[in-house]
Amino acid sequence: MMTGKTPYGDLLSGLFITALSIYIVTAAVPWGVYGAAGPGPAFFPLIYGGLMLVLGLVLLGRSLFGRRTVTAAGEQPAVDPEGRRAAMATWLALAASIPAMMLLGFLGGFFLFAFFLIKVIFHKPLITSVVAAVAITGGLYLLFQVLLDVDLPLGMFKGR
């Protein structure tokens, strides 16, 4: 059942994400996508900027033309407060992980971020949370530091 109400949160988010992605793509194009040594500085910004653009347009389209969930009384259901708290906690944890990485390095800061998400947000057992956080952090370290040779933050462990 369709209602006449537009979810303004989705509409505004879609507009913001679309505008930001257009800025990212247009700012990255002059940097060079590919060079003699491989991917250039615009390679990854173009990929995630393009992906953001597609997802922002999907969100815009769904907010303007998509079906909306409605209750039996014909009203949109209330926002899930638990989901809102989890989203806010995730954003705060992400923000806290940046200075943690500067202090503890990528391995320490990202491990704490991943552990928090798995244990606190997804409510997994302690051992599962530790193993998954180690695996995710190790996999990202292997991908970026070892395979792609991207210098990750070392924090106070600069003398490796």
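Every number here is computed from the coordinates shown, using simple stated rules; none is lab data. Nothing here was measured: the structure is a model prediction, and the numbers come from that model.
Ignoring everything except DSSP H segments at least 4 long, calculate the 222 nm mean residue ellipticity for the chain; use -39,500 (n - 2.57) per segment, divide by total residues, nearest 500. The partial results should precede the final answer.
Working: 4 runs with 96 residues, N = 160.
Using -39500 (n - 2.57) per qualifying helix, the result is -21000 deg cm²/dmol.
Residue 154's amide H: which non-local residues (gap 5+, or another chain) put their own amide H closer than 5 Å, with H modeled 1.01 Å from N in plane and none for Pro or chain starts?
Under 5 Å from the amide H of residue 154 lie the amide H atoms of 106, each far enough along the sequence or on another chain.
Which distance in Å, rounded to a whole number, links the C-alpha centroids of region 9-35 and region 87-120?
25
Report the relative contact order of the chain, percent, no decimals, based on alpha-carbon pairs under 8 angstrom and at least 6 residues apart.
Relative contact order here is 19 percent.
Please report, to one decimal in angstroms, the Kirkwood hydrodynamic radius of the chain built from all distinct Cα-Cα pairs.
Working: mean 1/r = 0.0525 Å⁻¹.
When all Cα pairs of the chain are included, the Kirkwood radius is 19.0 Å.
For region 80-160, what are Rg and Dmax over the alpha carbons, in angstrom?
13.7, 47
Using the Karplus equation 6.51 cos²θ - 1.76 cosθ + 1.60 (θ = phi - 60°), what ³J(HN,Hα) coupling, rounded to whole Hz, does each residue of region 9-16 give in order, writing x for Gly and Pro?
Result, ordered by residue: x, 5, 5, 5, 5, x, 5, 5 Hz.
Name the long-range amide H neighbours of residue 40: under 5 Å, sequence gap of 5 or more, or other chain; modelled H, no Pro or chain starts.
Correct list: 34, 35.
Pairs of alpha-carbon atoms within less than 8 angstrom and 6+ residues apart define the contacts here; what relative contact order does region 80-160 have, in percent?
Details: 72 pairs, mean separation 27.6, N = 81.
RCO, region 80-160: 34 percent.
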